[in-house]
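One structure is given below, encoded as structure tokens.
Taken together, the values in this text are just the output of simple stated rules run on the coordinates, not laboratory data. From a predicted model like this one, the values you see are computed outputs, not experimental measurements. Methodologically, a virtual Cβ is constructed for each residue, glycine included, from the backbone with ideal geometry; neighbour enumeration extends over all protein chains shown.
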Amino acid sequence: MQGLILIVDDEKPTREGLAQLFADDFEVYTASQPAEAFNLMASERFDIIITDLRMGQQSGMSIIDKALQLPYKPKCIMMTAYGSIEIAVEAMKHGAYDFVSKPVQLDRLESIVKRAMLDKTEDLSPTPLQANTVPMVGQSVEFAEVLDKIQRVAPAKTSVLITGETGTGKELVAHQLHHLSPRSAQPFVPVHCAALPDNLIESELFGHERGAFTGALQRHIGLFESANHGTLFLDEIGEIDASTQVKLLRFLETKSIERLGGNQLIPLDVRLVCATNRDLQAEVKAGRFREDLLYRLNVVEIHMPPLRERPSDVRLLLEYYLRFFAKENGVRPPILPEEVKSILQNYIWPGNIRELRNFAENMAVMHSGKKIETSDLDPKFLAPIGQGEVSPTLEKSEQALISEALKKANGNKSEAARLLGIPRRTFYRKLERLQL
Ligand SMILES: Nc1ncnc2c1ncn2[C@@H]1O[C@H](COP(=O)(O)OP(=O)(O)OP(=O)(O)O)[C@@H](O)[C@H]1O
Ligand SMILES: [Mg+2]
């Protein structure tokens with residue numbers, strides 16, 4: 001038995017069909033509606049959850065949200081009606097691992113599940129340090145700006161906030177910042193805030209003294225102290241609760257911490273790097289995130305542009321990862337004809353580099369040494385939207401925003417860029433691209 005899988009669908013035939021498909025390799029559970037799934041999720045430790053999107057009036061999105069709050073983070077795969085790519089994008093934003101369109105192609109779903117299980121095992125491995133092994137690949141102007149910023153801020157001690165959609169490389173950047181800093185020989189301590197329940201996060205971060213609370217039988221040294229002289233990486237910082245926010249703020253102000261139940265200030269030399277795929281300004285407005293903390297965290301902000309905004313990187317990354325995975329598997333890399341490359345370049349990659357990497361791994365193994373044909377591609381790549389339907393609408397709204405800003409700024413481009421809150425160079429590039 002490989003692991004535990006949960007299948008959520010309100011249609012009995014789908015549920016039972018899928019249950020049968022995975023019965024050999026998994027212990028399979030099924031649920032016909034979210035409430036039932038939530039109950040199972042509370043009692044079992046699932047590796048994988050496959051959920052339908054629409055179940056009567058209820059949405060499978062709530063399953064993903066719930067699942068990702070669990071400390072063991074199951075990999076969620078969303079099934080959507082064919083063509084509803086926007087929903088798939090939404091699902092990926094919510095943290096879905098991948099998606100399949102309905103009617104489900106069973107071999108595709110099987111290969112996704114297989115990959116998810118591999119990634120799941122990877123999640124558990126104790127050495128997440130990638131900066132030494134995975135180089136940062138990219139050739140676009142946008143990417144060059146990111147690299148430039150990394151190089152400039154890495155040596156400093158200032159807090160850095162890394163923002164961007166899922167899979168854009170935030171964690172990799174955090175590693176790189178540490179790697180290129182004078183602290184590189186000291187610990188790099190990553191903390192996945194969303195994976196820690198609220199009642200644990202404080203004691204995990206700050207440690208506790210013996211007897212600090214029921215069950216605190218021994219003194220516990222927190223992650224802050226483990227990261228002394230090195231870098232503490234707080235991933236998904238938008239998820240931390242109000243009381244932890246206060247403590248973080250206190251650390252940033254005093255450069256020292258106090259263990260729970262302790263009465264002694266412990267001075268520390270820790271560099272804080274945080275990442276989030278949430279809009280923290282909006283979280284501040286909604287009263288969920290402290291404004292004073294945000295200002296202290298994003299002394300420098302590094303924004304990772306989504307892959308669809310840097311199509312030239314898609315090409316380079318594909319070539320890089322096809323070769324990488326071919327080598328890893330001891331096979332010859334597949335050949336990617338121009339026609340297929342251009343389809344892939346126009347696809348919107350809702351899961352960004354993570355999705356591209358998974359795709360490349362699959363192709364490297366399934367088509368080693370052979371030419372990849374258009375017909376080998378999943379329909380999602382060929383959906384009209386991938387061929388640019390979403391871009392015109394995106395472009396249109398961008399165009400409208402830019403025109404409005406220019407009008408407000410009386411045609412002054414620097415001022416318009418400032419109003420939009422984007423760097424001047426980015427603004428000029430956009431003007432050029434949109435031919436304004
Ligand atoms: N520039 C890059 N070159 C090569 N590989 C990259 C690059 N950026 C990211 N990757 C790879 O893409 C995958 C996703 O990156 P990462 O985990 O850093 O994303 P993330 O922004 O932290 O995503 P999430 O918000 O979902 O946590 C990783 O396997 C990473 O190694
Ligand atoms: Mg991450």
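Of note:
- Given R0 = 60 Å, the distance between the Cβ atoms of Leu265 and Lys370 translates into a calculated FRET efficiency of 0.40.
- Whole-Å semi-axes of the range 287-364's equivalent ellipsoid (Cα gyration tensor): 34, 15, 10
- Label-to-label distance for His229 and Ala282 is 4.2 nm, based on points extended 7 Å past Cα in the beta-carbon direction.
- DSSP beta bridges confined to the range 141-303 are antiparallel in about 15 percent of cases.
- Percent of beta bridges antiparallel (DSSP, the chain, rounded to nearest 5): 10
- Using the average count of surrounding beta-carbon atoms within 10 Å as a protection proxy, the listed peptides 265-272, 406-413 rank, highest first, as 265-272, 406-413.
- DSSP beta bridge pairing in the range 3-124, given as percent antiparallel to the nearest 5: 10
- Considering the range 141-303, its Cα convex hull presents a mean projected area of 9.5 nm².
- Amide H to amide H distances under 5 Å link His303 with Thr163, where only residues 5 or more positions off or on other chains count and H is placed in the peptide plane.
- Debye-sum result for the chain in log10 I(q)/I(0), which assumes one identical scatterer on each alpha carbon, at q = 0.06, 0.11, 0.13, 0.14 Å⁻¹: -0.28, -0.99, -1.34, -1.48
- When the GluC sites (Glu not before Pro) in the range 5-40 are filtered for DSSP coil states and for at most 13 other beta-carbon atoms within 10 Å of their beta-carbon, the remaining sites are Glu11.
- The value obtained for the range 31-83, namely the Cα convex hull volume divided by the number of residues, is 73 Å³ per residue.
- Across Pro74, Pro333, Pro13, mean-square fluctuation computed from a Gaussian network of the chain (C-alpha pairs under 10 Å connected) peaks at Pro13.
- For Ile257, the residues whose modelled amide H falls within less than 5 Å of its own, excluding neighbours fewer than 5 places apart on the same chain, are Ile266, Leu268.
- Neighbour-limited loop hits for chymotrypsin sites (Phe, Trp or Tyr not before Pro), the range 195-242 (at most 12 other Cβ within 10 Å; DSSP other than H, G, I, E, B): Phe213
- Under 5 Å, built H, 5+ apart or other chain: amide partners of Trp349: none
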